[in-house]
Ligand SMILES: C[C@H](O)[C@H](O)[C@@H](O)C(=O)CO
Ligand SMILES: [Mn+2]
């Protein structure tokens, strides 16, 4: 679609939304300020750059063998840049600890330091973007079932050290970028069959986490979050970091909790957790993902789960209290396309929520007019949200509609095809 049409359609949409009491320019400004944290692990199928042959483990799995996986940090950064160029607004890059660069030297997880992320930090600075970080407590011989809740003190200490060092790396990133690096603590700890002493495991889990968090780091540099999970492959019967465990832990330690769209029973509403937790917590972290039958980490799409999640964020006026990150890894499709589809879907769900006549709906609800509430919610679904989206893309100099796909296909021919 050409620029003239995009602008004309936007003007029409603007009027239509204004009639419902919604200011489209305000919605666009709000969306412009949201930085989505784009996960590096979609770019290389969660393999990382450690000098090791260890495969992916920890109850998560990538499937597919699409050509063009990034094999080096330079390739990954180049792919990131391509994806950024096709997504409106400014985003963040989310790194796992095992995406360190060591010049061929084997550096153990309990030896990581900020210097191994120097290239990433310089790159981010050059692009004017910020970084987030994750300790990598999986895909390692010492992460066989339990890490922080292991009965083996040596194993626990190893991962505690990794957690501490990860926080130091994150803090350095936060200092250098001038805004907090969000660090997400997720660990595999769990078992295939039901344990008898769940209590002991959870006590160990909390004690180890306390050691990791012992050093007070300013929230200007680092925001800690802990991610719960229902189960993993091979860890079906018990997860030490269950929802109750992580929520209670986060609340009592004044850190954030992470809600991943794939980490709950399929009929459990993750959206409902936003208001439930923000009554008590300052901030939370969201992982947008799409589970198909299990936490399969399919690319997130504009489905009901995502729409409800973003609606809840906006209705709770919580945009500044919610960090949004992507978490999926699909190796069966072009990985840059995966990033673009998932990030744009997350933004579009957010835009739709921002264009909802929220104030009006709240008034109707207060007045007990649930009939009008239902009618207006239904009307909203067919409002010209896409015209506002296209304008947002145009304003950010990125392709509107599906034109971005041609660029990805070209990049596939020019760059990815050479990665044999
Ligand atoms: C690789 C990520 O840290 C991981 O996906 C985690 O966030 C998760 O959701 C595990 O299921
Ligand atoms: Mn996650």
>> Going by Cα centres, the range 268-330 and the range 82-158 are how many Å apart?
In response: 23
> How big is the C-alpha Rg of the range 228-361 next to the rule-of-thumb value 2.2 N^0.38 Å, as a ratio?
Replying inline: 1.06
> Cα-based Rg of the range 77-196 per 2.2 N^0.38 Å, rounded to two decimals?
Replying inline: 1.19
> Where Rh denotes the Kirkwood radius from the mean inverse Cα pair distance, what is Rg over Rh for the range 152-220?
Replying inline: 1.07
> In deg cm²/dmol and to the nearest 500, what is the mean residue ellipticity at 222 nm of the chain if only DSSP H runs of at least 4 residues count, each as -39500 (n - 2.57), divided by the residue total?
Replying inline: -14000 deg cm²/dmol
> Expressed as an acute angle from 0 to 90° and rounded to the nearest 10, what is the orientation of the C-alpha long axis of helix 153-177 relative to the principal long axis of the chain?
Replying inline: 40
> For the chain, what is the Kirkwood hydrodynamic radius in Å, using each pair of distinct C-alpha atoms?
Replying inline: 22.3
>> At a threshold of 8 angstrom on Cα-Cα distance, excluding pairs fewer than six apart, so keeping six or more, what relative contact order does the chain reach in percent?
In response: 21
> Any idea what angle helix 335-354 forms with the longest principal axis of the chain, computed on alpha-carbon atoms, 0 to 90 degrees, nearest 10?
Replying inline: 50
> Hey, fewest Cβ within 10 Å first, where do 415, 322, 300 land in order?
Replying inline: 415, 322, 300
> What ranking of 99, 280 emerges when the number of other C-beta atoms within 10 Å of each C-beta is taken as an exposure proxy, fewest first?
Replying inline: 280, 99
>> Can you sort 383, 173 from fewest to most other Cβ atoms within 10 Å of each residue's own Cβ?
In response: 383, 173
> Modelled label-to-label distance, residue 71 and residue 254, 7 Å Cα→beta-carbon offset: nm?
Replying inline: 4.9
>> What is the angle, in °, between the Cα long axis of helix 243-253 and the longest principal axis of the Cα atoms in the chain? Nearest 10 is fine, range 0 to 90.
In response: 90
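Any read-out appearing in this document is the output of simple, stated calculations on the displayed coordinates, not a laboratory observation. The structure presented is a predicted model; accordingly, all values stated were derived computationally and were not measured. So basically every Cβ, Gly included, is an ideal-geometry build from the backbone, and we count neighbours across all protein chains shown.
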